[in-house]
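Each reported figure results from applying straightforward, stated rules to the coordinates on display, with no laboratory input. What you are looking at is a predicted structure, and each value in this text was computed from that prediction instead of being measured. Quick reminder, even Gly has a Cβ in these numbers, built from the backbone with ideal geometry, and neighbours come from all protein chains shown.
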Amino acid sequence: MRTSCIIEPQNQPLIVLKQWQVDLCDGDKCAGLLLSFFIYWHDIKLKMRRKNEQANQIAEAHGDEGVQDTSLLQFHTEEELERGIMGLFKRTKINQSIRLLEKKGFISIHSNPNPKYTFDRTRYFLLHDDVVNEHLHFPIVADPSKSVDRSTAESSRSTENGSRSTENEGTITKTTSLISSLTSSSNNVANKFDDNSTPSKKPKEKKELYLDFVRLTLSEYEKLAERLGEEKTKDYIESLNNYIGSKGRRYKSHYHTILAWSRKDETQLKEEPARKIRFMGVDDG
């Protein structure tokens, strides 16, 4: 364990701000601090959820109802948010930065999920770690106008290293010839294939947020609407949204989840036409 020349007091508050967090927030350090704060509590909620799910499974196995919270919603008052980032920014700036995080899709804001507490004005925050990861690992390409002119850079480098040009001329000539040879061979191989036979990778379609939690691409939504109808698709989206919000469940694909629910409803309708079908196939399994 690393030691320090300073004997620090125990249990001191700490906030970690990383450069990528500031970059994702367009240089807004307050938003970066809040993002770090929400990530910290989201990780804690993930650990708690795994333990709570196990506790619920044990309870259900013994015929009892699982009552442990498995949602990922985190609630913080304005005072707690201000204290959470060490008081480095005041509440007006904090609220502006929260709106930035919400606009980017990194978080969403909710009211108390318990309908009994409609009077509660505490904001509940949900971190969308998938969106943060997507922006972090697939960043937007920088403005091409800011790129360096390669020919200018090469010209400058050539001027600075003019004394080395003569010494390395032979090596450069050989390297250039080798590159030309390899390029020519590569082009010859490529020309043997028909253009239509070369598979092209389609860019990953961005998922849009429907209501609070449901994420679908535009093509997924259109396919659902074509298969189920516009109104029924909206009903399934609302049902899935409410289920995720109340249970805290996570699905790899909301599109395939809705398809599975619709098939389940169709099967039950065919097998038991006289039985009242549970709405939208939602169950606790």
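Points to keep in mind about this one:
- Under 19 Å between alpha carbons - lysine pairs in segment 19-137 that sit 8 or more apart or on different chains: 6
- Most to least packed among 88-100, 8-20 [average Cβ atoms within 10 Å]: 88-100, 8-20
- Spatially close lysines, pair count over segment 207-281: Cα under 28 Å, gap of eight or more or interchain: 27
- The modelled label-to-label distance for the pair Asn112/Gln57, using points 7 Å beyond Cα in the direction of Cβ, is 3.2 nm.
- Ranking of Lys234, Lys206 by count of other Cβ atoms within 10 Å, fewest first: Lys206, Lys234
- Peptides 35-42, 256-263 ranked from most to least packed give 35-42, 256-263, packing being the mean of other C-beta atoms within 10 angstrom over each peptide's residues.
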